[in-house]
Amino acid sequence: MSITRKLAKLILTLLTLPLLVVVWLLKWFVTFLHCCSAWIFYLLGSVLLATAVLSFLMKQSQGIEALQMLIGGFVIFMIPQVVGSVVVFLELAAATIRQVWYI
């Protein structure tokens, strides 16, 4: 019984190892893209939000135009947050795959 369990564990480990490597590489690639582009999206979103508020306060745009800019700025500002949650999901997938090794 013990030998078959060890053999099954070895087979599962060998089957999941390439999948784990792919998930780790994908996680690090997404993390790199997130870190490189986050400040650009934050800056662009902040500029849109400030432009919307100031143009509405200075009567340069109507309420619906300012609202459209606010929504666009918020969406652009939130893109790095969504990508950050994808990184967390990929780490969760890697942890789940590693759990096969402890059966």
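Please give the number of the condition Leu92 fails out of (1) touching a residue at least 24 places away in the same chain (Cβ under 8 Å); (2) out of contact with any Phe, Trp or Tyr (no Cβ under 7 Å at 6 or more places or on another chain).
The single condition Leu92 does not satisfy is (1).
Considering only region 31-66, how many residues are assigned to a helix (DSSP H, G or I) and free of Cβ contacts under 8 Å to residues at least 24 places away in the same chain?
Number satisfying all stated conditions: 18.
Might you check whether a residue that is exposed (fewer than 13 other Cβ atoms within 10 Å of the Cβ), small (Gly, Ala, Ser) and more than 27 Å from the chain's Cα centre (by Cα) occurs anywhere in region 49-66?
Scanning region 49-66, I find at least one residue that is exposed (fewer than 13 other Cβ atoms within 10 Å of the Cβ), small (Gly, Ala, Ser) and more than 27 Å from the chain's Cα centre (by Cα), so the answer is yes.
A short reminder: the numbers here are calculations on the coordinates, not readings from a lab. Fair warning: this is a prediction, and the values are worked out from it, not measured in the lab. All Cβ positions, glycine included, derive from the backbone under ideal geometry; neighbour counts span all protein chains shown.
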